Amino acid sequence: MDKWETDESYLTWCYNWLELCIKKLKRNGSFYVMTSTQFMPYFDIFLRSKLTILSHLVWYYDSSGVQAKKYYGSMYEPILFCAKDANNYIFNAQDILVTAKTGADRKLIDYRKNPPQAYNSEKVPGNVWEYPRVRYRMEEYENHPTQKPISLLERIIKASSLENAVVLDTFSGTFTTSFVAKSLNRNSIGIELQDEYVKIGLRRLGLATEFNGVNLEKPLKTYQTEKNESTNSFTLFESNGASVYE
Ligand SMILES: C[S@@+](CC[C@H](N)C(=O)[O-])C[C@H]1O[C@@H](n2cnc3c(N)ncnc32)[C@H](O)[C@@H]1O
C-alpha cells in the first residue's frame, strides 16, 4: 500500500500521476478525477493550468457509512470533469438526458414561441448527481471499501466517449470502469495495485475463472443481520466479523 508522511508528499505523488494521465489523454479526450473533499481544492488549482475544468461535479448519496456524531458527516464526493481542448471534446448529451423537474404535472407551454410549444421535458443533468453508494446487499457489491456505482460510471462513459474508444482508469479497484466500458462497447485499460482486487476485476470482466491457482468464482454472500429497534436499521456481519452499516 502507498503511504505518505505528509500532505505535501502525497500531493507531489498525485501531481506526478495527474501529469502522466494528461500526457496520455487524446486531444479531444475528457478527464474525470475524484479525490477526497480535503484534497480536491489542490487538484483543482493544479489542473486548471493544464486542462479546462468544465464542471465541478458532486456525487451525492443519502447516507454515510459511518455516522458522524460531532461534525457533519460527508454525504458527497467531488469529481472534476475536464477537457484537453474546450472547443473539441466528445459530449454525447443525447445519451444521458434526464427528465426536467418543472414542479408541474402537466407540460409547461412556452408562449414566447410562435406557435406556443411545450417546454422540453428532458435536459442534460446538472452538476449534482444522486446515486446510492454501493452497499453490502446490492447485486453489484464487491468486497472493496470504495467501490463506485455502475450507474455513476455509466453516465460518465456514455457522455464522454464513443463506441470502440479507450477508457483508462489508473486506480481500478474492482474494475467498475472497465466493466461498464465493456457493457457499452468501449475498450478499457485498468491499473490496480492489489492482487485481491485484480482477481475481482478478472472475474467481473469474464476474463478468467482462475488466477494463480485460485478459483475466482464469486463466493456466496454469507451474512447475519441484527436489527436495531430504536433506529430501525440493520447491521450486517460479514463472515469475518466486519460490520457494514446500512
Ligand atoms: C478508490 S479505489 C477505486 C475504486 C474503483 N473505482 C471501483 O469502483 O472499485 C482506488 C484503488 O486504487 C488502488 N491503488 C492505490 N495506489 C495505487 C497505485 N499506485 N497504482 C495502482 N493502483 C493503486 C487501490 O488498491 C484501490 O483499489
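A few comments on the model shown:
- From Tyr131, Tyr111, Tyr119, residue being surrounded by 13 or more Cβ atoms within 10 Å (Cβ to Cβ) and more than 20 Å from Thr35 (Cβ to Cβ): Tyr119
- Tyr89 vs. criteria in contact with a strand residue (DSSP E or B) (Cβ under 7 Å, 6 or more places away or on another chain) and either more than 22 Å from Trp129 (Cβ to Cβ) or part of a loop (DSSP other than H, G, I, E, B) (or both): yes
- Check on Leu236, at pLDDT below 90 and either closer than 28 Å to Gln67 by Cβ or part of a loop (DSSP other than H, G, I, E, B) (or both): yes
- Every condition in (1) touching a residue at least 24 places away in the same chain (Cβ under 8 Å); (2) more than 12 Å from the ligand (Cβ to nearest atom) is met by Lys182 except one, and the failing one is (1).
- Every listed requirement among (1) assigned to a helix (DSSP H, G or I); (2) at pLDDT below 95; (3) among the aliphatic types (A, V, I, L, M) is met by Leu193 save one, (1).
- Region 160-197, residues that are over 27 Å from Asp85 (Cα atoms) and buried (at least 18 other Cβ atoms within 10 Å of the Cβ): Gly173, Thr174, Phe175, Phe179, Glu192, Tyr197
- Condition check for Lys107 on (1) touching an Asp or Glu at 6+ places or on another chain (Cβ under 9 Å); (2) at pLDDT below 95: one failure, at (1).
- Condition check for Thr102 on (1) of a type in the set (Val, Ile, Thr); (2) within 16 Å of the ligand (Cβ to nearest atom); (3) in a loop (DSSP other than H, G, I, E, B): one failure, at (2).
- Screening region 159-176 for residues that are among the hydroxyl-bearing types (Ser, Thr, Tyr) and not in a loop (DSSP other than H, G, I, E, B) and picking the one that is nearest to the ligand (Cβ to nearest atom) gives Thr176.
- Val198 at pLDDT below 95 and within 20 Å of the chain's Cα centre (by Cα): yes
- Total residues in region 109-121, condition over 30 Å from Glu154 (Cα atoms) and in a loop (DSSP other than H, G, I, E, B): 6
- When Val33 is tested against the conditions (1) within 15 Å of the ligand (Cβ to nearest atom); (2) in a loop (DSSP other than H, G, I, E, B); (3) of a type in the set (A, V, I, L, M), the lone failure is (2).
The values are calculated or read from the model by the stated rules, or taken from the named source; none is laboratory data. These numbers come from a predicted model, not from an experiment. Heads up, the Cβs are rebuilt from the backbone with ideal geometry, glycines too, and the neighbour counts pull from every protein chain shown.
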